[in-house]
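> I have a structure I would like to understand better, so I am pasting it below and will then ask my questions one at a time.
The values are calculated or read from the model by the stated rules, or taken from the named source; none is laboratory data. On a predicted model such as this, the values are computed, not experimentally measured, just so you know. When we count neighbours, we look across all protein chains shown, and the Cβ atoms used for this are built from the backbone with ideal geometry, even at glycine. These accessible areas exclude ligands, DNA and RNA; they are computed on the full protein's heavy atoms, side chains included. Shrake-Rupley method; radii C 1.70, N 1.55, O 1.52, S 1.80 Å.
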Amino acid sequence: MEIFTQANVTFILTGFLKTLEISALAIVFSIILGTVLAMVKQYCTGKLSIFKWIVSAYIELFRCTPNLLWILFIYFTVKGNDVFISVLAFTIFTSAVIAEIVRGGFNSIPKSQFEAAQSQGFGFFQSMRLIILPQTFKTIIPALFSQCTTVIKDSSYLAGINVAEFMFSAKVVMGYTSNLDQVLLLYGFVFLLYFVLNFGISLIVRAYQRRVVAA
């Protein structure tokens, strides 16, 4: 049976679009939450140290356990549609990784930047928003983009909980044939789309790095 029909290709591309939707939402929310976690871990001292230890425990918990475990846990414990469950699972996991990336960026910023901001009358959050965070994200963009590609690739785990993303859609279509040539062509198609997307992101990172070096 011919599996590269218009209907089948449309079905697969619909799954690809869902992969992009889930990945994009998870990345955005992970950057937001990861930045907050990094700020707490980096700057909470004194009486607020308890929050630092809680965040540290959160980060280590998710960094030391597999993403698939949390996808399954969220799937069986949280009610919601497939996009919500998928984004939630990836956000709570990826934010822990991004928190450490952002914290590394914080460590690259001289303390004199904070001191200079405070000498000008800036409060903590004003200093972070106007001075520290812009410089931090400028230094960590390559690492963030690398994590973006990881999220996109790991979204294939969602096929295990029957989310109709790219890999799941391809598997459904693949079930309609036992012809090895057709199967290999379909695998090649899946490989090509993943590669083009992630290689495109890599090219963006390289262009950014060249621009920074040239500047």
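> What is the number of the single condition among (1) assigned to a helix (DSSP H, G or I); (2) touching a residue at least 40 places away in the same chain (Cβ under 8 Å); (3) within 20 Å of the chain's Cα centre (by Cα) that residue 186 does not meet?
Condition (3) is where residue 186 drops out.
> Within segment 35-44, identify whether any single residue is part of a helix (DSSP H, G or I) and within 15 Å of residue 151 (Cα to Cα), and answer yes or no.
The first filter runs over segment 35-44 and keeps only residues part of a helix (DSSP H, G or I), leaving 35-43.
This time we only want the ones that are within 15 Å of residue 151 (Cα to Cα), so: none.
Scanning segment 35-44, I find no residue that is part of a helix (DSSP H, G or I) and within 15 Å of residue 151 (Cα to Cα), so the answer is no.
> For segment 141-156, does any single residue satisfy the condition of being more than 30 Å from residue 43 (Cα to Cα) and either of a type in the set (Ser, Thr, Tyr) or not in a helix (DSSP H, G or I) (or both)? Show your work before the answer.
Just the residues of segment 141-156 that are more than 30 Å from residue 43 (Cα to Cα), to begin with: 152-156.
Subset that is either of a type in the set (Ser, Thr, Tyr) or not in a helix (DSSP H, G or I) (or both): 155-156.
The answer is yes, given that some residue of segment 141-156 is more than 30 Å from residue 43 (Cα to Cα) and either of a type in the set (Ser, Thr, Tyr) or not in a helix (DSSP H, G or I) (or both).
> State whether one or more residues within segment 150-160 are among the aliphatic types (A, V, I, L, M) and open to solvent by 30 Å² or more (accessible area, probe 1.4 Å).
The initial filter retains those residues of segment 150-160 that are among the aliphatic types (A, V, I, L, M), namely 151-152, 158-159.
Narrowing further to those that are open to solvent by 30 Å² or more (accessible area, probe 1.4 Å): none.
Scanning segment 150-160 turns up no residue that is among the aliphatic types (A, V, I, L, M) and open to solvent by 30 Å² or more (accessible area, probe 1.4 Å).
> What are the residue pairs meeting all of these: first residue in segment 45-67, first residue closer than 13 Å to residue 93 by Cα, second residue open to solvent by 80 Å² or more (accessible area, probe 1.4 Å) and part of a helix (DSSP H, G or I), Cβ atoms under 7 Å, and 6 or more apart or on different chains?
67/157
> Let me ask you something else. Within segment 166-185, which residues are open to solvent by 40 Å² or more (accessible area, probe 1.4 Å) and out of contact with any Leu (no Cβ under 8 Å at 6 or more places or on another chain)? Can you show your working first?
Step one: filter segment 166-185 for residues open to solvent by 40 Å² or more (accessible area, probe 1.4 Å), giving 167-168, 171-172, 175-176, 178-181, 184-185.
Passing the criteria: 171, 172, 175, 176, 178, 179, 180, 181, 184, 185.
> A follow-up question, please. Condition first: farther than 16 Å from residue 103 by Cα, assigned to a helix (DSSP H, G or I) and open to solvent by 70 Å² or more (accessible area, probe 1.4 Å). Now tell me which residues in segment 54-81 satisfy that.
Residues satisfying the conditions are 61, 68, 69, 73, 75, 76, 77.
> Exactly one condition in (1) open to solvent by less than 10 Å² (accessible area, probe 1.4 Å); (2) under 17 Å from residue 24 (Cβ atoms); (3) not polar (S, T, N, Q) is false for residue 102; which is it?
Checking residue 102 against (1) open to solvent by less than 10 Å² (accessible area, probe 1.4 Å); (2) under 17 Å from residue 24 (Cβ atoms); (3) not polar (S, T, N, Q), the one that fails is (2).
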